[in-house]
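Colleague: Below is one structure. I have some questions about it.
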Amino acid sequence: MPSRRASIMQFMSISRRRTETFPPEAFEALLDAEGLRVRELYAAGTIRQLWGRGDIPGALMLLEGTDEAEVRAALDSLPLARRGMLEVQVIPLRAYRAFCPPE
């Protein structure tokens with residue numbers, strides 16, 4: 001039986017706040033809850049790395065999960081995402097070719 005570790009995939013998410021639709025105070029009211037949920041996902045090992053965007057309000061995250069559905073469910077659990085206040089793109093990652101051994 002394969003180990004659980006072998007079945008883990010990595011994903012990059014790129015999100016942006018939907019500031020054209022929601023006012024700043026709507027975001028402000030949820031940022032503490034958002035931070036708490038992000039820390040929970042980090043502690044669980046789902047979020048591996050996280051950066052705030054320097055160009056617009058949003059974040060980039062490196063996540064791990066068994067499949068894209070699992071990662072999307074984790075992202076959908078964020079308070080801003082639950083309220084439709086985030087636009088989120090999820091990108092599956094694979095090993096860079098130059099670092100893969102020949103088959």
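Here, each number is a calculation from the coordinates, and none is a lab measurement. These figures come from a predicted structure and were not determined experimentally. Every residue, glycine as well, gets a Cβ built from its backbone with ideal geometry; the counts of neighbours run over all protein chains shown.
Colleague: Output the 0 to 90 degree angle, nearest 10, between the alpha-carbon long axis of helix 31-43 and the longest principal axis computed from the alpha carbons of the chain.
Modeller: For 31-43 against the chain, the angle is about 10 degrees.
Colleague: Within the range 65-103, whose backbone N sits under 13 Å from a point 7 Å along Cα→Cβ of GLU20?
Modeller: Only 87 fall inside the zone, counting backbone N under 13 Å.
Colleague: Oh, and also: Which semi-axis lengths, in whole Å and largest first, follow from the square roots of five times the eigenvalues of the Cα gyration tensor of the chain?
Modeller: Three semi-axes, in Å: 29, 15, 11.
Colleague: Where the only charges are on Cβ atoms (+1 Lys, Arg; -1 Asp, Glu), what is the dipole of the range 29-81 about its Cα centre, to the nearest 20 debye?
Modeller: Dipole size: approximately 160 debye.
Colleague: Quick check for me: using +1 on Lys/Arg Cβ and -1 on Asp/Glu Cβ, what's the dipole size of the chain about its Cα centre, in debye to the nearest 20?
Modeller: Dipole size: approximately 240 debye.
Colleague: Per-residue HN-Hα couplings for the range 11-26, Karplus 6.51 cos²θ - 1.76 cosθ + 1.60 at θ = phi - 60°, whole Hz, x for Gly and Pro?
Modeller: 9, 10, 10, 10, 10, 9, 6, 7, 5, 6, 10, 10, x, x, 5, 5
Colleague: Sorted from largest down, give the three principal axis spans of the alpha carbons of the range 54-103, whole angstrom values.
Modeller: 46, 28, 11
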